[in-house]
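One structure below.
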Amino acid sequence: MPATFPRARKAVIPAAGLGTRFLPATKATPKEMLPVVDKPAIQYVVEEATDSGLDDVLMVTGRNKRALEDHFDRAYELEQLLELKGDKEKLLRVRASSELGTVHYVRQGNPRGLGHAVLCAEPHVGDQPFAVLLGDDLIDARDRLLTRMLDIQQRYGGSVVALMEVDPDRAHLYGCAAVRPAGDAEQDDVLRVTDLVEKPEPGTAPSNLAVIGRYVLAPEVFDVLRRTPPGRGGEIQLTDALRELAADPSLGGPVHAVVFRGRRYDTGDRGEYLRAVVRLACEREDLGPDFRAWLADFVASDAAATNGAPVGTGEPIRTGEPVTVGQRA
Ligand code: UTP
C-alpha cells in the first residue's frame, strides 16, 4: 500500500468517564481498572497501542487518577519483596505494566464528554495525526484493528473510525455512520463516511454500522471540537465533531471507516464485561483447562436446574422443612 501521509505516532486514551453503569464498583475505582482475568482492562488497551507502534501514550484521567498512574509506574517495595522471595514469574508480571513505553497523563477536571476528553490532549499531540483508544473498549490482540486503521490513515490522510455491524434494533445505543464505497476495490473493509449520528432516535439510524472505540484522527479535529456545543446527554460528543469533518473534507481531510469483524468487548457494560472475563479466562493456557471444565459443569447443572431437575449431590431437594442459619444453641 503506497504511503502518502505521515503516520500517527501518539496514542490518546480517555479514561476519565464516571462509569455510572458499573456503580458501585466504580465509586472509588476507575472502570478502566476493573480486572479482566488478572490484568486491568486499561493494560490491554495500552498494550494494543504499543504493539501497534504507538509508544507515546497520553492518558486522560479524572478524579480517580491515582490508581491508573500507580499501575503504570514502578512498584519498588513490591518488586523488592518478590526479588527476595525469588518469585521471578510474579516479578515479571508486576514489571510488565511499567515497561510499556512512555505513559503521560493529563487531567480532565470535569468529565464533559468524550469530545472534551480528546480536546484535553491537544497540547501533547500538537499538529500530527494521532490515535484514540477508549480505555474501556477491548479489541482482541489477535485482530490487529488499530494497525489496519493506521495504514488506512496513512494511505488516505484525514481521519479513520472503526465500525461494527450491530443488530438494527440496537443501533440507537451507538454512534451510527452513513457510508458509501471508498472506491478502492483492493480495500474491501474500507468505506467512506458521509455522516454520523450519536445515539439516533430508534428507527432513524442511517445504517446498522456502529462506531466503536478506536479512532485515528487528523489534528484539525481539535479546531472543530473547540466550537462543538454539548450534544446528546449534555456532553461534548466526539461523534459531532467527526460529523462536521465528514461533511466538509476541506476542514481536515476525508473520514474513512474500517469495518471490524473481530472480537471486541465493551468492559464498561456489565454483561459484556462478564463475557470478556469468561472468554479470555477460557483461552488462557494456565487457567483455561480447569476453568472450562468447571464452566461446562456449571452450565449443565444450571440447565438442569432450569428444567426442574435436582442439582448438586444427586439427592432430591426436600422442601417444606424450616432451615435455620447461624442460630446459637
Ligand atoms: P462512556 O461513554 O462509556 O461514558 O465513555 P462513562 O461516563 O465513562 O460511562 P457510563 O456510561 O457512565 O457508564 C467512553 C470512554 O470515554 C471516557 C471514558 O472513561 C471511557 O473510556 N470518557 C468519557 C472520558 O474520558 N471523559 C468523559 O467526559 C467521558
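Do we find that A205 is modelled with pLDDT under 95 and either among the aliphatic types (A, V, I, L, M) or closer than 12 Å to V132 by Cβ (or both) in this structure? Judged against the criteria, A205 is a match. Among the candidates R93, R7, the residue that is closer than 25 Å to L145 by Cα and more than 14 Å from the ligand (Cβ to nearest atom) is uniquely R7. The set of residues in segment 44-87 being surrounded by fewer than 13 Cβ atoms within 10 Å (Cβ to Cβ), in contact with a helix residue (DSSP H, G or I) (Cβ under 8 Å, 6 or more places away or on another chain) and without any contact (Cβ under 8 Å) to a residue 24 or more places away in the chain consists of E83 alone.
Given the condition within 16 Å of the ligand (Cβ to nearest atom) and either out of contact with any Phe, Trp or Tyr (no Cβ under 7 Å at 6 or more places or on another chain) or closer than 15 Å to V106 by Cα (or both), answer yes or no: does some residue in segment 72-81 qualify? There is at least one residue in segment 72-81 that is within 16 Å of the ligand (Cβ to nearest atom) and either out of contact with any Phe, Trp or Tyr (no Cβ under 7 Å at 6 or more places or on another chain) or closer than 15 Å to V106 by Cα (or both). Selection of segment 136-169 for residues being out of contact with any Asp or Glu (no Cβ under 7 Å at 6 or more places or on another chain) and within 16 Å of the ligand (Cβ to nearest atom) yields L138, V161, A162, M164, V166. Just to be sure, is D302 farther than 30 Å from E220 by Cβ, surrounded by 10 or more Cβ atoms within 10 Å (Cβ to Cβ), in contact with a Lys or Arg (Cβ under 9 Å, 6 or more places away or on another chain) and at pLDDT below 95? Here the answer is no, as D302 does not meet what is asked. Considering only residues in segment 44-70 that are assigned to a loop (DSSP other than H, G, I, E, B) and among the small types (G, A, S), the one that is nearest to the ligand (Cβ to nearest atom) turns out to be G62. For the subset of segment 13-29 comprising residues that are in contact (Cβ under 8 Å) with a residue 12 or more places away in the chain and in a helix (DSSP H, G or I), which member is nearest to the ligand (Cβ to nearest atom)? For segment 13-29, the residue satisfying everything is R21.
Scanning segment 178-234 for residues that are crowded, with 19+ Cβ neighbours inside 10 Å and among the polar types (S, T, N, Q) yields a count of 1.
Count of segment 132-157 residues, restricted to those that are more than 26 Å from A16 (Cα to Cα) and touching a strand residue (DSSP E or B) at 6+ places or on another chain (Cβ under 7 Å), is 4. Please enumerate the residues belonging to segment 30-43 that are away from the ligand (no atom under 12 Å from the Cβ) and either free of Cβ contacts under 8 Å to residues at least 12 places away in the same chain or over 17 Å from Y105 (Cβ atoms) (or both). Within segment 30-43, P35, V36, V37, D38, K39 qualify.
The single condition from (1) touching an Asp or Glu at 6+ places or on another chain (Cβ under 9 Å); (2) farther than 23 Å from F130 by Cβ that D73 fails is (1). For segment 221-241, what are the residues that are among the acidic types (D, E) and away from the ligand (no atom under 13 Å from the Cβ)? Within segment 221-241, D223, D240 meet the criteria. Check whether at least one residue in segment 121-129 is within 23 Å of L18 (Cα to Cα) and crowded, with 17+ Cβ neighbours inside 10 Å, and report yes or no. Yes, because at least one residue in segment 121-129 is within 23 Å of L18 (Cα to Cα) and crowded, with 17+ Cβ neighbours inside 10 Å.
The values are calculated or read from the model by the stated rules, or taken from the named source; none is laboratory data. Owing to the predicted nature of the structure, the values given are computational and were not obtained by experimental measurement. Cβ sites come from the backbone with ideal geometry, for glycine too, and all protein chains shown count toward neighbours.
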